[in-house]
Amino acid sequence: MIFTVAIDGPAAAGKGTISKAVAAHFGFAHLDTGLLYRAVGAKVLGGADPVVAARSLDPSDLENASLRTPAVAQAASEVAVIPEVRAALVDFQKAFARRTGGAVLDGRDIGTVICPEAEVKLFVTASPACRAERRFAELRAGGMDVVYETVLEDVKARDARDSGRVAAPLKPAEDAVLLDTSDLTVAAAVARAIAVVAAHPAARDSV
Ligand code: C5P
């Protein structure tokens, strides 16, 4: 079966956790498309040209532990404004979205650009303060020495760049279901997302 769940939203809204849980529940493959931009950003921090880096991306580039650092996140959002970088990553994402067996993709432009025909579209969001708190706790838990105020500034800077860019800006697709996770536990947010997907007739057969 071909079945795509597009999950978009701003940084640290809970897209990753929700996407993984939805994919596991329905037995779909999952692609964190932010990793593609992070991998390009990491190469640029290492001195590479962004377009060359995007065109020569290899699956092994996605397994780099440093991709989760704040510096790479900012570099990712800087390369993500370049139309040629985005264009180089489109085909892989489109093919993944329509692969047999079902797919969940999370990012910023999945429901609007990569897979407007997705069977289910979710736009996951939360207040900037809430997202910064979560990201702060996550980075601290990972042993990173970060300050909350800096994390909040980073989140806001990325929001502004991701929403304000001309190429594939961050915005909900017109037919996306909005899911604000500010006041939800992880379990409650996951349960809501699963319920939205399960409401699609074709999804029921896959569980
Ligand atoms: O989702 P994540 O925080 O890993 O994404 C890192 C950056 O990559 C985002 O801030 C955004 O600029 C970019 N991105 C994008 N389109 C996507 C996924 C990520 O522009 N589909």
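Counting every C-alpha pair in segment 80-199, the share spaced more than 17 angstrom apart comes to 65%. Taking θ as phi - 60° and the Karplus parameters 6.51, -1.76 and 1.60, the scalar couplings of segment 118-123 work out to 3, 5, 10, 10, 10, 10 Hz in sequence order, x denoting glycine and proline. In this structure, A71 and A129 have a Cβ-Cβ separation that, at R0 = 22 Å, corresponds to a calculated FRET efficiency of about 0.50.
A DSSP coil position with no more than 14 other Cβ atoms inside 10 Å describes the following GluC sites (Glu not before Pro) in segment 83-185: E117, E174. Here the calculated FRET efficiency for A95 and E153, from their Cβ-Cβ distance with R0 = 45 Å, stands at 0.80, rounded to the nearest 0.05.
Cross-link partners among lysines for K171, C-alpha distance below 20 Å, same-chain residues fewer than 8 apart left out? Within reach: K15, K94, K121, K156.
Hydropathy first: keep DSSP H helices in the chain averaging at least 0.0 on Kyte-Doolittle, then drop any whose Cα extent along the axis falls short of 15 Å, and list what survives. Within the chain the helices that satisfy the rule are 15-26, 34-45, 83-97, 186-198. For segment 38-66 versus segment 150-196, the spacing of their alpha-carbon centroids is 24 Å.
In order along segment 165-178, phi translates into HN-Hα couplings of 6, 7, 7, 6, x, 5, 6, x, 5, 4, 9, 7, 8, 7 Hz, rounded to whole numbers, per the Karplus curve 6.51 cos²θ - 1.76 cosθ + 1.60 with θ = phi - 60° and x for Gly and Pro. Helical content alone sets the calculated 222 nm signal of the chain at -15000 deg cm²/dmol, taking -39,500 (n - 2.57) per DSSP H segment of four or more residues and averaging over every residue.
Where a number appears in this text, it was derived from the coordinates with a stated rule and is not lab data. In this text, all values refer to a predicted model and were calculated from it rather than measured experimentally. In this analysis, Cβ positions are derived from the backbone assuming ideal geometry, glycine residues included, and neighbour counts consider all displayed protein chains.
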